[in-house]
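The values are calculated or read from the model by the stated rules, or taken from the named source; none is laboratory data. Note that the structure is predicted; figures quoted are calculated from it, not measured. Ideal geometry is used to build each Cβ from the backbone, glycine not excepted, and the neighbour counts take in all protein chains shown.
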Amino acid sequence: MLHTMLDTWTSLAFGGFGAAPLLPGSLPASERGAGQFTSGLFESDAGSLHYKLFVPSTYDGTPLPLVVMLHGCGQNADDFALGTGMNELAEQFGCLVVYPEQSRGANWQGCWNWFEKAHHERDQGEPALIAGITQKIIADYAVDRTRVGIAGLSAGGSMAVILGRTYPDLYTAVGCHSGLAHGSATDSFGAMQAMRHGADVCPLVDTDSTIDVPVIVFHGDMDDTVHLSNSMGVVRQSIEASSARVTDDDAEVLTEDAGAATRAFTRSVHRGQAGEVLAEHWTVHGAGHAWSGGSRRGTYTDAHGPDASKEMLRFFIGAT
């Protein structure tokens, strides 16, 4: 019953927004960029996941950054690649991008099960599978281990946060777009409550240890699917887990005009004691539940906002 309730909420929240998702493997050749975009299957004791991998045309065995992209509900790898434009940026700046793809058998809407307790810990459930794909790419290609980012939208953003917190030895930065903090819910009913109203988050990892994995968070202030307060929950959780131990009040807040975009935004930068960036918090004014600055070629995108893909890539690998 709880699963049915969440699936109904998800269907209502996402139904009718954007173009119809593409079928796996259906990305047109003209949209794949100059590099290679290939399909793969990862199998382990934890289960199996399909994925798509983009390798830029400039790859010659020199270690490159790696970005892991987790799609939202109702999406797949091809759709997410189109909507975010991450392959084109990866070709421009020289990095590998892998898109794990949720099984419809695990969730009929294609959502990552961030709200289930079975997927909250290291070496279990979907975190184990996504980390396994990441480790496979690192084993098969030359990867710069100091620049391995993971990002996602909505359910994918929530799962990216979980991966950053449970595998801080694997990921060096996290990007969360329209998602929720680790532990915001442990069942379907709790997920609906957190999405609608926000959540008071308790840490799910050893609070005596630190997790120095910086986060960049995007969220529209007109999002009626995932409450805006969840974005601050992600930021606060990351700051509290950091060895820097600064407070929210230490943020440098910049209210900015949209520039090339048509939506204004507020960007808050939280720094550690040595000046290092712990978190960037982007609130996009007037935006709903959609990838900021995305392409209309994919679903759940808002072409009018600042370019979340480019800003996340800058945050992950220093691309400018």
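Annotations for the structure displayed:
- Qualifying helices (runs of 4 or more DSSP H) (wholly inside the stretch 121-199; at least 2 residues being in contact (Cβ under 8 Å) with a residue 40 or more places away in the chain and within 18 Å of Val226 (Cβ to Cβ)): 155-166, 188-197
- As a summary of the residue check, Val98 satisfies the conditions (1) of a type in the set (A, V, I, L, M); (2) in a helix (DSSP H, G or I); (3) under 23 Å from Gly298 (Cα atoms) except for the one numbered (2).
- Filter result for the condition that a residue is buried (at least 24 other Cβ atoms within 10 Å of the Cβ), aliphatic (A, V, I, L, M) and either more than 12 Å from the chain's Cα centre (by Cα) or under 12 Å from Met69 (Cβ atoms) (or both), over Leu82, Leu170: Leu82
- Pairs are defined by a Cβ separation below 8 Å, a sequence spacing of at least 6 or placement on different chains, a first member in the stretch 89-110 that is farther than 15 Å from Val148 by Cα, and a second member that is of a type in the set (D, E, K, R) and in a loop (DSSP other than H, G, I, E, B); the pairs so defined are Gly110/Arg104.
- Here Arg147, Arg122, Arg165 are screened, and the one residue that is among the basic types (Lys, Arg) and buried (at least 23 other Cβ atoms within 10 Å of the Cβ) is Arg165.
- Filtered residue count, the stretch 243-292, keeping only those that are among the hydrophobic types (A, V, I, L, M, F, W, C), within 18 Å of Val215 (Cβ to Cβ) and modelled with pLDDT under 90: 6
- Residue tally, condition surrounded by fewer than 22 Cβ atoms within 10 Å (Cβ to Cβ), assigned to a loop (DSSP other than H, G, I, E, B), touching a Lys or Arg at 6+ places or on another chain (Cβ under 9 Å) and not polar (S, T, N, Q), over the stretch 269-310: 5
- As a summary of the residue check, Asp223 satisfies the conditions (1) part of a loop (DSSP other than H, G, I, E, B); (2) modelled with pLDDT under 95 except for the one numbered (2).
- Index of the failed condition, Asp60 passing every other in (1) part of a loop (DSSP other than H, G, I, E, B); (2) under 26 Å from Gln124 (Cα atoms); (3) without any contact (Cβ under 8 Å) to a residue 24 or more places away in the chain: (2)
- Long-range neighbours under 7 Å by Cβ, at least six apart or interchain, first residue under 22 Å from Arg296 (Cβ atoms) and surrounded by 12 or more Cβ atoms within 10 Å (Cβ to Cβ) within the stretch 31-44, second at pLDDT below 95 and of a type in the set (A, V, I, L, M, F, W, C): Phe37/Leu27
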